[in-house]
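Asker: Here it is, the structure, as structure tokens.
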Amino acid sequence: MSKEKGNNAPVTERGNSLELNIGHLYPAEMNLYGDRGNILCLVQRCRWRGIEARVKSIGLGESWPQGLDLLFFGGGPDAQQKGVARDLLETKGEGLRHDLEDGLVALAICGGFQLLCRYYRPAEGPDLAGLGFFDAWTEHPGPRVPRCIGNVVVEWEKSKLVGFENHGGRTYLGASCHPLGRVRRGHGNNGKDRTEGAIHRNTFASYLHGPLLPKNPLFADHLLRLALERRYGPMVLPPLDDTLEDLAHAAALRRGGG
Amino acid sequence: MGREPIPLAPFPTMVVTVNIRRALAVAAGRLAGALSRRLGAGGGTAIPGLVATTLDPDLLPHLARQLPQGAILVTGTNGKTTTCRMIAGALQAGGFAPLQNRTGSNLLRGLATTLLSHAGPGGVLKAAEGSLGVFEVDEAVLPLAIPLMRPRTVLINNLFRDQLDRYGEVDTIRSLWEEALASLPKDTTVVLNADDPAVASLAASVRGPVLYFGIEDPREGRQGPEHTADFIHCQRCGRAYEYTTSFYAHLGHYRCPQCGAARPTPQVSAAQISFQGFNRTGFEVRTPQGCADVTLNLGGLYNIYNALGATASALALGVPLPEVTGSLARFSPVFGRMESLVIDGRTVCLILVKNPTGFNQALRTLSQSLRPPTVLVVLNDRIADGQDVSWIWDVDFEGLRWEAVAESKGGEANLNAAADQSLGAAQELLPQEPSLQQTPLPERPVLFVSGLRAEDMALRLKYAGLNVGPDSVVGPLKRALDLALKATPEGETLCVLPTYTATLAVQHLLAQRGHLPHYWEHG
């Protein structure tokens with residue numbers, strides 16, 4: 001890895017080295033399916049390019065921080081989701097909504113995705129209010145209906161995203177909400193309309209674990225470039241040696257039947 | 001004169017039918033097992049039971065009822081197989097004749113297969129007077145097994161995230177256990193891990209006696225639970241627990257600052273723990289019958305929990321303490337659970353890894369070995385492994401780096417396996433930049449990855465900052481094992497870390513080469 005480090009490190013017009021502040025929402029509560037791998041991926045891909053990446057944990061009870069360049073919000077167990085939903089709206093809602101509308105680059109996976117939508121309707125009990133950033137909502141069809149579990153292949157831009165989904169809730173997109181991609185294998189948002197995830201402004205949402213970014217380096221670099229350009233202006237990211245990433249991508253396609 | 005009608009036995013035909021059905025079921029099950037072995041499909045550790053109980057659904061409770069000393073059921077995410085072997089060893093030393101299901105065959109069909117192998121043609125159990133069933137039971141199967149087996153003791157060791165694609169979420173399992181334990185009669189003893197808040201809190205639904213075990217040695221603890229901890233919030237009121245010491249995952253000494261729910265004081269505990277290399281451990285066991293020194297031919301804190309659970313269960317079944325500790329000292333590892341053997345002058349050690357907590361514990365155990373081993377990880381994604389391989393990103397490989405230590409220590413090396421992670425401190429989960437003071441051993445650790453998802457494993461290790469490249473990825477197991485052995489100098493150790501089905505494959509390969517007996521021939 002050291003041979004990659006520092007070579008062709010992008011710099012600002014004044015020659016300063018670049019840095020990126022990454023926020024990790026609720027790392028203790030929303031961390032169920034290896035989603036922290038997305039953070040590891042973003043940080044390493046910065047580091048290998050000589051970009052300094054800092055990670056800030058944003059936990060229960062903490063107020064919304066200033067100065068983020070990229071936000072990650074992972075999935076968690078249903079039991080944790082209630083407390084997280086309340087905390088999200090009470091202590092962070094205003095700042096978070098403002099930043100997302102302002103174009104903060106963000107990635108939300110599974111439970112994180114659901115909490116950025118309008119509401120989550122559990123199998124029993126009252127609806128759980130979400131941030132309402134995405135014009136979308138989620139309904140749990142009840143414990144007798146099987147969860148959406150399995151390998152997923154999604155068409156995204158001109159390539160494919162691979163991952164693994166494991167969710168009980170079915171998410172439906174409103175008219176003003178665009179999907180991240182089109183499901184080729186697997187269930188995606190709801191198993192019916194072949195949509196997967198959502199995009200609004202610079203916020204990307206998906207049901208894909210795996211984790212999503214390491215095996216989809218094109219998508220990871222897409223997020224990094226958006227975040228860096230938002231802060232520093234247009235730039236070209238120096239390429240990395242993605243041999244292993246491409247092998248893992250191909251293996252997931254092979255196992256996922258895509 | 002009319003003849004009196006001959007009184008008929010009530011429903012004679014039905015009795016006959018049932019007996020014929022049972023006899024057929026027993027015979028068919030045994031035939032299926034013999035065929036399975038003949039066809040090389042495996043040891044028939046589940047098929048006989050599956051066939052027989054399909055033909056006669058009441059066969060399992062019918063056979064279980066005939067166990068002269070009843071049964072103990074053992075469950076938990078990690079350590080079932082090892083704990084059962086320890087219990088069986090202690091029971092044997094105490095004069096019982098333990099009857100066990102085979103390694104990992106822990107669904108109802110596996111239990112039925114075990115009992116079937118001791119049954120006569122009509123479904124009569126031919127078991128010695130002291131026969132006591134020691135059965136490991138899959139976490140999700142415990143609620144089904146309890147009403148059928150009517151155990152006299154139930155042991156629950158731990159609950160971690162595992163095979164989420166199969167179980168959904170860990171809370172689901174805990175709720176299932178809660179209901180299952182509530183259905184037990186008052187005379188069933190329940191043995192629980194005091195250090196696991198998800199397990200210890202199950203006591204609230206138990207009507208009979210509860211026995212706790214736990215670790216009392218704070219030197220083995222860290223501050224605060226690892227990031228893979230699943231149950232960090234109070235089971236009663238939902239507030240985050242406070243830990244005075246944390247052993248691994250969410251295991252430790254915890255207390256809820258809001259409602260006061262706290263770790264119960266264990267009746268059976270371990271103190272004065274000392275690790276001697278990666279596969280030998282000494283500790284003092286403290287019990288209501290007194291204290292004793294124990295030496296285990298196993299490494300890892302998790303094996304101390306296994307030993308404590310076994311000790312508590314054996315004591316509850318009336319085995320005296322000296323017999324228990326004696327049997328623990330004689331314990332030899334179970335296949336794939338730290339079993340080691342010598343191939344061409346190289347020690348090959350096999351540690352099953354199937355979830356983040358188990359994998360972290362395996363890495364921590366390796367860190368206690370004196371010299372850096374070659375490491376071969378075999379990652380499969382079959383149903384029994386979990387089809388979702390995301391979990392490897394919850395394992396702390398970031399610290400898996402051998403560093404040469406000062407010459408004065410005689411060139412020994414030590415592995416900082418991942419242990420000092422603290423919750424939420426996101427920067428700490430990243431690999432450390434190599435510092436100039438460290439002199440890395442040039443060719444170690446040598447890493448290989450294999451299995452159906454070898455590429456995923458390689459990628460995980462790459463992002464942990466470890467030295468892997470496309471050459472480290474060797475899909476076919478046979479070739480991977482050969483390369484890894486070749487890369488291990490004579491006198492050194494190769495550590496193989498396979499997932500569940502990969503463990504079977506490694507075992508099969510070693511058996512083919514004559515290094516190991518086939519798994520169904522193990523005790």
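No value in this document is a laboratory result; all are computed from the given coordinates. Bear in mind that the values here come from a model prediction, so they are computed numbers and not experimental data. A quick note on method: Cβ atoms are made from the backbone with ideal geometry, for glycine too, and the neighbour counts reach across all protein chains shown.
Asker: Rg to Rh ratio, the range B:43-329, alpha-carbon atoms and Kirkwood radius?
Answerer: 0.97
Asker: Calculate one ³J(HN,Hα) per residue across the range B:54-70 by plugging θ = phi - 60° into the Karplus curve 6.51 cos²θ - 1.76 cosθ + 1.60, and present them in order as whole Hz with x for glycine and proline.
Answerer: Along the range B:54-70, the couplings run 5, 6, 9, x, 8, 4, 4, x, 4, 6, 4, 4, 8, 5, x, 10, x Hz.
Asker: Same structure again: Can you compute the modelled spin-label distance between B:LEU24 and B:THR244, with each label point 7 Å from Cα toward Cβ, in nm?
Answerer: Distance between label points: 6.4 nm.
Asker: What is the set of long-range amide H partners of A:ALA198 at a cut-off below 5 Å, with H atoms built 1.01 Å from backbone N?
Answerer: Amide H neighbours of A:ALA198, under 5 Å, 5+ apart: A:LEU180, A:ALA205, A:SER206.
Asker: Tally the DSSP beta bridges in the range B:43-329 and give the antiparallel ones as a percent, rounded to 5. Mind dumping the intermediate values first?
Answerer: Working: 21 of 44 bridges.
Looking only at bridges with both residues in the range B:43-329, the antiparallel portion is about 50 percent.
Asker: Would you kindly calculate the translational diffusion coefficient of the range B:204-305, applying Stokes-Einstein with the Kirkwood radius from alpha carbon pairs, for 25 °C and a viscosity of 0.890 mPa s, and quote it in µm² s⁻¹ without decimals?
Answerer: For these conditions, the coefficient is 165 µm²/s.
Asker: Fully extended, how many nm does the chain gain between B:ARG219 and B:ARG382 (0.36 nm per residue separation, minus their Cα-Cα distance)?
Answerer: Numbers: separation 163, 0.36 × 163 = 58.68 nm, distance 3.88 nm.
My answer for the length gained is 54.8 nm.
Asker: Still on this structure: Which order results if A:ASP193, A:ASP69, B:ASP230 are arranged by neighbouring Cβ count within 10 Å, fewest first? Present the calculation step by step, with values, prior to reporting the outcome.
Answerer: Values: A:ASP193 13, A:ASP69 21, B:ASP230 27.
Fewest to most other Cβ atoms nearby, the residues stand as A:ASP193, A:ASP69, B:ASP230.
Asker: Straight-line reach only, C-alpha to C-alpha below 20 angstrom: list the lysines that B:LYS80 could link to, leaving out same-chain residues fewer than 8 apart.
Answerer: Correct list for B:LYS80: B:LYS354.
Asker: What FRET efficiency comes out for A:ARG144 versus B:GLU179 if R0 is 22 angstrom and r is the Cβ-Cβ distance? Round to the nearest 0.05. Don't skip to the answer; put the middle values down first.
Answerer: On the way: r = 17 Å, r/R0 = 0.79.
About 0.80, to the nearest 0.05.
Asker: In whole Hz, what ³J(HN,Hα) sequence does the range B:268-277 give by Karplus (6.51, -1.76, 1.60; θ = phi - 60°), x for Gly and Pro?
Answerer: 10, 9, 10, 9, 6, 6, 9, 8, 10, x
Asker: Right, another one. Which value does Rg/Rh take for the range B:48-131 over its C-alpha atoms, Rh per Kirkwood?
Answerer: When Rh is taken as the Kirkwood radius, the ratio is 0.97.
Asker: If you consider only alpha-carbon coordinates, what radius of gyration and Dmax does the range A:19-256 have, in Å?
Answerer: 16.7, 51
Asker: Rounded to the nearest 20 Debye, what is the dipole magnitude of the range A:19-256 about its Cα centre when Lys and Arg each give +1 and Asp and Glu each give -1 at the C-beta?
Answerer: 640
Asker: What is the Cα radius of gyration of the range B:194-245 over 2.2 N^0.38 Å, N being its residue count?
Answerer: For the range B:194-245, the normalised Cα radius of gyration comes out at 1.26.
Asker: Given only helices, namely DSSP H runs of n ≥ 4 each adding -39500 (n - 2.57), what is the per-residue ellipticity at 222 nm of chain A, to the nearest 500 deg cm²/dmol?
Answerer: The helix contribution divided over chain A gives -8000 deg cm²/dmol.
Asker: Shape of the range A:128-249 from its Cα gyration tensor (a ≥ b ≥ c, root eigenvalues): rounded if a/c is under 1.5, otherwise prolate when a/b > b/c, or oblate?
Answerer: Oblate, since a/c reaches 1.5 and b/c is not below a/b.
Asker: Quick check on the range A:19-256: of the DSSP beta bridges with both residues there, what percent are antiparallel, nearest 5%?
Answerer: On the way: 25 of 46 bridges.
Restricted to the range A:19-256, the bridges split so that about 55 percent are antiparallel.
Asker: For the pairs A:LYS56/A:LYS158; B:LYS462/B:LYS486; B:LYS126/B:LYS186, note any where the Cα-Cα span goes beyond 25 Å.
Answerer: On the way: A:LYS56/A:LYS158 33 Å; B:LYS462/B:LYS486 23 Å; B:LYS126/B:LYS186 29 Å.
Exceeds cut-off: A:LYS56/A:LYS158; B:LYS126/B:LYS186.
Asker: So, with +1 on the Cβ of K and R and -1 on the Cβ of D and E, and no other charges, what is the size of the charge dipole of the protein assembly as shown about its Cα centre, to the nearest 20 debye?
Answerer: Working: 76 positive and 77 negative charges, 391 e Å.
The dipole magnitude comes to about 1880 debye.
Asker: Also, quick follow-up: So for the protein assembly as shown: antiparallel DSSP bridges make up what percent, rounded to the nearest 5?
Answerer: Expressed as a percentage, antiparallel bridges in the protein assembly as shown total about 50.
Asker: Check A:ALA136: other-chain or 5+ apart residues with amide H under 5 Å from its amide H, H built from backbone geometry?
Answerer: Under 5 Å from the amide H of A:ALA136: A:ARG118, A:GLY174.
Asker: A further question follows. For B:LEU485 and B:ALA203 in the same chain, what is the full-extension length gain: residue separation times 0.36 nm, less their Cα-Cα distance, in nm?
Answerer: Residue separation times 0.36 nm, minus the Cα-Cα distance, leaves 96.8 nm.
Asker: Now for a separate question. Explain nothing, just compute: Karplus ³J(HN,Hα) = 6.51 cos²θ - 1.76 cosθ + 1.60, θ = phi - 60°, for every residue of the range B:356-361 in order, whole Hz, x for Gly and Pro.
Answerer: x, 5, x, 5, 4, 5
Asker: Suppose the chain between A:ALA129 and A:ARG182 were pulled fully straight at 0.36 nm per residue; how much longer would it get relative to their current alpha carbon spacing?
Answerer: Length gained, A:ALA129 through A:ARG182: 16.4 nm.
Asker: Another one. Pull up all non-local amide H partners of A:SER57: gap of 5 or more, or a different chain, and H-to-H distance under 5 Å with H placed in the peptide plane.
Answerer: Amide H neighbours of A:SER57, under 5 Å, 5+ apart: A:HIS24, B:ALA426.
Asker: State to the nearest 20 debye the size of the charge dipole of the range A:83-160 about its Cα centre, where the only charges are +1 on K and R beta carbons and -1 on D and E beta carbons.
Answerer: 400
Asker: Please go through the range A:83-178 and write out the GluC sites (Glu not before Pro) that DSSP classes as loop and that have at most 11 other C-beta atoms within 10 Å.
Answerer: On the way: sites: A:GLU90, A:GLU94, A:GLU101, A:GLU124, A:GLU139, A:GLU155, A:GLU157, A:GLU165; in loops: A:GLU124, A:GLU157.
Answer by residue number: A:GLU124, A:GLU157.
Asker: So which trypsin sites (Lys or Arg not before Pro) in the range B:242-333 pass both tests, a DSSP loop state and at most 13 other Cβ atoms within 10 Å of the Cβ?
Answerer: Sparse-neighbourhood loop trypsin sites (Lys or Arg not before Pro): B:ARG330.
Asker: Using only C-alpha atoms and all pairs of different ones, pull out the Kirkwood radius for the protein assembly as shown in Å with one decimal.
Answerer: When all Cα pairs of the protein assembly as shown are included, the Kirkwood radius is 27.8 Å.
Asker: FRET efficiency for B:ALA271 and B:LEU341, Cβ-Cβ distance as r, R0 = 45 Å, nearest 0.05?
Answerer: After rounding, the FRET efficiency stands at 0.85.
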